[in-house]
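Chemist: Here's a structure for you.
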Amino acid sequence: MFVSGFTFIRNAIKLDYPVKEAILSILPLVDEMVVAVGQSDDKTRDLIASLGAKIRIIDTLWDENLREGGKVLADETNKAFDAVSDQADWCFYIQGDECIHEKYHSHILQQMQLYKEDSRVEGLLFDYAHFYGSYDYLGDSRTWYRKEIRIVKNNKEIRSYKDAQGFRKNGKKLQVKPIDAEVYHYGWVRHPKYQMAKLREANKLWHDDEYIDQKFDASKDFDYSEIDSLKYFEGTHPEVMQNRISKMNWRFDKDPTVKSFGLKLKLLYGIEKLTGWRVGEYRNYKTI
């Protein structure tokens, strides 16, 4: 079985993306790691090149005309996906702020081997843990998606969808098998100064400059306190994240028993926590 990893990134150092950790978290599972490195204002390319012999960089230029709906993110994802080896049976996608805990490695390999020859299975579906504010809290409201595809068959009819959250094949949802593994998403855990800079940069892919200046004041740090619902994280973080976590230099505390819901969302939250059913949940996949 041959497995290709793939991802995209630019300005990782400037915007404090844990892309090094993201790549290292799946490197033991892949035979190659294709990274589409966009033209950057920092030493992102050098950082990626330092991660070992499995790394294969393709240099890209982001299409700034795709300033709508985050389409450029899907475009960059597809550039990396198209560059993976023809030998690949499976392609493992990881974004620059995601990690896989090493405790899942053996299970992931087992599942890829199990479904490698099953033509019905086009992808593998992961659960998600969304960290927020610090490494001790998880977002647990309807704001956060609960599952997404992160491993796909090497079929170039499969394309990154919308803003690169998931994938589709010829515009149709992929048929996937859920697996017992979780993606740790660290997109909302960085120093408040860097978080504001990241949000300003990311929103350029959706909105005009006037909107960004009104919504995300560059002179201020991001305020993590404005969140509807959190819970304590009770597990361990991936080994590759330990050094980054030890250098955390800001403080975030919030009582997770205090929720900021309206009546309708409070009811939906209660139903989900009681039954596990998320009413009206969006699913960009078909489980088989």
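Values in this text are rule-based calculations from the coordinates and carry no lab data. Computed from a predicted model, the values in this text were never measured in an experiment. In this analysis, Cβ positions are derived from the backbone assuming ideal geometry, glycine residues included, and neighbour counts consider all displayed protein chains.
Chemist: Using a 7 Å offset from Cα along Cα-Cβ at residue 87, what residues in the stretch 99-137 end up with backbone N under 16 Å from the label point?
Modeler: Once the point is set 7 Å along Cα→Cβ of residue 87, nothing inside the stretch 99-137 turns out to lie under 16 Å by backbone N.
Chemist: Expressed in whole Å with the largest first, what are the equivalent ellipsoid semi-axes of the stretch 1-141 derived from the C-alpha gyration tensor as the square root of 5 times each eigenvalue?
Modeler: Equivalent ellipsoid of the stretch 1-141: 24, 20, 16 Å, largest first.
Chemist: To make sure I understand, if each residue's beta carbon is the centre and we count other beta carbons within 10 Å, what order do 246, 40 fall in, fewest to most?
Modeler: Taking fewest neighbouring Cβ atoms as first place, the list is 246, 40.
Chemist: Count the DSSP beta bridges whose two residues both fall in the stretch 54-186, then state the antiparallel fraction as a percent rounded to the nearest 5.
Modeler: 75
Chemist: Using the per-residue mean of other Cβ atoms lying within 10 Å as a proxy for protection, in what order, highest first, do the peptides 21-33, 191-203 fall?
Modeler: 21-33, 191-203
Chemist: Regarding the stretch 101-222, what are the three Cα extents along the principal axes, ordered largest first, in Å?
Modeler: 54, 35, 22
Chemist: Mind running the shape call on the stretch 242-288? Use the C-alpha gyration tensor, a ≥ b ≥ c as the square roots of the eigenvalues: rounded below 1.5 for a/c, prolate if a/b tops b/c, oblate otherwise.
Modeler: oblate
Chemist: Which residues does a label at residue 215 reach in the stretch 48-91, if reach means a backbone N under 11 Å from a point 7 Å past the Cα toward the Cβ?
Modeler: Of the residues in the stretch 48-91, 69-70 have backbone N under 11 Å from the label point off residue 215.
Chemist: Distance in nm between label sites at residue 106 and residue 255, each 7 Å beyond Cα in the beta-carbon direction?
Modeler: 4.3
Chemist: If you don't mind, another one. Cut-off under 21 Å on the C-alpha distance; same-chain residues fewer than 8 positions from residue 220 excluded. Which lysines are left, in chain and number order?
Modeler: Counting by Cα, and skipping residues close in sequence, residue 220 has these lysines nearby: 14, 193, 198, 204, 254.
Chemist: Do the sum for the chain: with -39,500 (n - 2.57) for every DSSP H run of n ≥ 4, divided by all residues, what is the mean residue ellipticity at 222 nm, to the nearest 500 deg cm²/dmol?
Modeler: -7500 deg cm²/dmol
Chemist: Would you mind counting up the charge near residue 241? Only other residues with Cβ under 14 Å from its Cβ, with Lys and Arg at +1 and Asp and Glu at -1.
Modeler: Charge balance in the 14 Å sphere: -3.
Chemist: Same structure again: Give me D for the chain in µm² s⁻¹, whole number, from Stokes-Einstein with Rh from the Kirkwood sum over alpha-carbon pairs, 20 °C and 1.002 mPa s.
Modeler: 108
Chemist: Nearest 5 is fine: what % of DSSP beta bridges in the chain come out antiparallel, could you say?
Modeler: Bridges in the chain are about 45 percent antiparallel.
Chemist: How would 135, 232 line up from fewest to most surrounding beta-carbon atoms within 10 angstrom?
Modeler: Least to most surrounded, the residues fall as 232, 135.
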